[in-house]
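Down below is the structure, laid out as structure tokens.
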Amino acid sequence: MHPVTYAPRRMQHDSPDCGPALRRIRAHAPFVYGLTNYVAAALSANVLLAAGAAPAIGAAPGWPAAFGAQAGGLWVNAAGLINATEHDMLAAIDAANTAGVPWVLDPVAMGAGAADYDAIIRRMAACRPAVIRGNASEIMALAGGAATARGVETTASITQAVPSGQALARSSGAIVAISGAEDHVLSPDGRQIIIPGGHRWLTAVTGAGCALGGLIAAGLAVTPHPGERLTTVAAVHALYARAAEMAAGPAQGPASFATGFVDALAQLQARADD
Amino acid sequence: MHPVTYAPRRMQHDSPDCGPALRRIRAHAPFVYGLTNYVAAALSANVLLAAGAAPAIGAAPGWPAAFGAQAGGLWVNAAGLINATEHDMLAAIDAANTAGVPWVLDPVAMGAGAADYDAIIRRMAACRPAVIRGNASEIMALAGGAATARGVETTASITQAVPSGQALARSSGAIVAISGAEDHVLSPDGRQIIIPGGHRWLTAVTGAGCALGGLIAAGLAVTPHPGERLTTVAAVHALYARAAEMAAGPAQGPASFATGFVDALAQLQARADD
Amino acid sequence: MHPVTYAPRRMQHDSPDCGPALRRIRAHAPFVYGLTNYVAAALSANVLLAAGAAPAIGAAPGWPAAFGAQAGGLWVNAAGLINATEHDMLAAIDAANTAGVPWVLDPVAMGAGAADYDAIIRRMAACRPAVIRGNASEIMALAGGAATARGVETTASITQAVPSGQALARSSGAIVAISGAEDHVLSPDGRQIIIPGGHRWLTAVTGAGCALGGLIAAGLAVTPHPGERLTTVAAVHALYARAAEMAAGPAQGPASFATGFVDALAQLQARADD
């Protein structure tokens, strides 16, 4: 157990180090492959398309092995087990690992009381994800702490989850990203970036957190050096937070907010081209 | 066969007895678990989030038994058989029944000509749902009448279906809710509430009927006394009808109507907090 | 190999021969059955409802055989293999063929590198689809040319794909429709209709191409004479292109574009009633 040796840094969408990874998504339109749940699938694809990436989703016969290897990045959303098998997910993960494709694990509903389900997530977490992203309850449960999730919702605060996230980053070797009132992105070597902002309505749009996992995979796809991944993951969170703020102003409720949020992602990324 | 001994009552969103159950959804944010189809899943989750509930959807390994027991309410949409098994559904229903969790059955496409499918719905209907909701053709078919559905669409009118619905309520012991030009909510003991209003564009939004099943489950979750369930189910229909009317005015077509409808649900429920 | 003996014809939504099939969709509200993927399912259903058709989607037990025979048209989207089996798809196709129901094949991601998956598409393509629709890479791969797809995206241009599409139309006996900067609709006997217009944002809306397959099936359902199918398929593309143009003007990004697109489909079809 090393002490945390870095002071937390704050990053926003207009921070100078935020732009490069986002511009590369737009410039390279990476192919990103996702195994996710049908509740979040359409929003996830639309978020990735808005940001300039090229997503494909689902486990048709042969896709996990082929697309896991061909993609620039892979995201595996555990709630995708509502429409794919553990075998599909492990096939995609194996293909990605063999081909050197970085992948993101989203431990949706970890610690919500389904032991078999949690065990599948633990097996996947042992397969060297580049990033683990989730809400406070999920990260705390995966780190071995208390099981506090209520379905797919967190009952814990981001502040409670940060020590668990730091321990999980160290033990897994993955970057750990926790979504909350402020987002925290944590590296195995103790660095920490805090992304303020965003909007509470993101939690009223089903699949918004799941889609973030896909966008992180797009960022990884255009970040060849592992040492730069922490900044990339934080930049993707900052893009998300800024788009949420832009959408919140004119929104009449959570559905027009969701529309404005995807539009704002596209607008921010279009400007990133300049 | 008892004669109907109560005169039908009419309820709208501004009726005095409509508010309490809706306010409790907002106040308690009940965890509601759904087994539904992937066409309707995202809208259903967004409708529940807009109303203030906390939904989880789908049959990942272990979820039906765990979430069926933990949730405050469960909804089972028969068209969910496009992405889950009868076994999943019965596991969730058994868990709910054992734990005393009320559940809603939506017999989508009952009577549309697929005999094996209809038989599965009959087996689930025998498992003591608290509420059965559907369109006119579905309720008539489940009550043992003519099979008139065309795919997931009704070809019968609400007026034709009410006698079947009353018979089904008596024989099953469930509250029966029929959606149509006016909605009718029927209790096993012969009470009847009519909810006028709504808007025809609701039928042009895929999954709007399915999502209503989820919202009814949220209402049940915050209605501890079975004797109050009839009012709760009617109140949820009245919320739906009022939100549809609010959305119809500024809408340019069915997609902007759908956005406005979810926004209106959130606006109405936010006011319910006051 | 016959030479192409017809000069390409251009068709737009205001062309005199475009209206009849579209008006018949509105007038007859055909029941259209789809086996498609969960990413595109909700948009596909909403597109069909906006145009005036009555869709049902998915392979619940007994649905493929029953609905494949009862529907006026069927569409089979190969990426539907992420949530249905080849057996489901062949059962629906067999039922449709036996009942004389025309069906549409959409070879999503054909040639993207998953050999087993491509083989399933080839087996379905041998079952006499009335129409095969796809993007340039998919049509080229199914015609036996180079495999150029990257996931579900094309890397080839429409111009490159037309000769392959003509060969595929001749060899399969199906009308072949290729989506691109301009859409090309090709008949087995060498006729060709070009549909200009549309908008690039259609490619930023996940499932927009998949939903077009459903709308083509709706058109086939109201076109009793096979000799008129080419015009119908082109008319559906022209409706799509015009709706995209209408939506693009006021849109703030791809999500408000998608909302406006479905609204515009409904508006155009409502006028078609007059």
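The values are calculated or read from the model by the stated rules, or taken from the named source; none is laboratory data. Since we're looking at a predicted model, the values are computed, not measured. Every residue, glycine among them, receives a Cβ derived from its backbone with ideal geometry; neighbour counts consider all protein chains shown. Heavy atoms of the whole protein, side chains included, go into the accessibility calculation; ligands, DNA and RNA do not. Shrake-Rupley method; radii C 1.70, N 1.55, O 1.52, S 1.80 Å.
Remarks
- Extreme residue, nearest to B:Asp106 (Cα to Cα), among residues of region B:173-194 that are in contact with a Pro (Cβ under 9 Å, 6 or more places away or on another chain) and surrounded by fewer than 19 Cβ atoms within 10 Å (Cβ to Cβ): B:Gly173
- Checking B:Thr203 against (1) touching a strand residue (DSSP E or B) at 6+ places or on another chain (Cβ under 8 Å); (2) among the polar types (S, T, N, Q); (3) open to solvent by 30 Å² or more (accessible area, probe 1.4 Å), the condition it does not meet: (1)
Per-residue answers, yes or no, for (1) β-branched (Val, Ile, Thr); (2) more than 16 Å from the chain's Cα centre (by Cα); (3) closer than 27 Å to C:Ala40 by Cα:
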residue	(1), (2), (3)
B:Pro8	no, yes, no
B:Gln12	no, yes, no
B:Gly19	no, yes, no
B:Ala27	no, yes, no
B:Asn37	no, no, yes
B:Ala40	no, no, yes
B:Ser44	no, no, yes
B:Val47	yes, no, yes
B:Ala51	no, no, yes
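- Of the candidates A:Asp106, A:Asp88, the single residue that is away from chain C (no Cβ under 14 Å), touching a strand residue (DSSP E or B) at 6+ places or on another chain (Cβ under 7 Å) and charged (D, E, K, R) is A:Asp106.
- Residue in region C:224-232 that is open to solvent by less than 10 Å² (accessible area, probe 1.4 Å), in contact with a helix residue (DSSP H, G or I) (Cβ under 6 Å, 6 or more places away or on another chain) and part of a helix (DSSP H, G or I) present: yes
- Per the conditions (1) without any contact (Cβ under 8 Å) to a residue 40 or more places away in the chain; (2) closer than 26 Å to A:Ala156 by Cα; (3) of a type outside the set (A, V, I, L, M, F, W, C), the sole criterion not satisfied by A:Pro61 is (2).
- Elements of type helices (runs of 4 or more DSSP H) contained in region B:1-73, each with 3 or more residues being closer than 20 Å to B:Ile132 by Cβ: B:41-51
- Beta carbons closer than 8 Å, at least 6 apart along the sequence or on distinct chains, pair a first residue in region C:138-163 that is at positive phi with a second that is aliphatic (A, V, I, L, M) for C:Gly144/C:Ala167; C:Gly151/A:Ala54; C:Gly151/A:Ala56; C:Gly151/A:Ala71; C:Gly151/C:Ala109; C:Gly151/C:Ala112.
- Candidate set from region A:247-267 (those that are more than 10 Å from chain C (Cβ to nearest Cβ) and assigned to a helix (DSSP H, G or I)); member that is farthest from A:Gly197 (Cα to Cα): A:Pro254
- Residue pairs meeting the criteria (Cβ under 6 Å; at least 6 apart or on separate chains; first without any contact (Cβ under 8 Å) to a residue 40 or more places away in the chain, in region C:105-130; second assigned to a loop (DSSP other than H, G, I, E, B) and open to solvent by less than 10 Å² (accessible area, probe 1.4 Å)): C:Tyr117/A:Ala60; C:Asp118/C:Met110
- Enumeration of residues in region B:58-75 that are hydrophobic (A, V, I, L, M, F, W, C), within 19 Å of B:Val222 (Cβ to Cβ) and open to solvent by less than 10 Å² (accessible area, probe 1.4 Å): B:Phe67, B:Ala71, B:Leu74, B:Trp75
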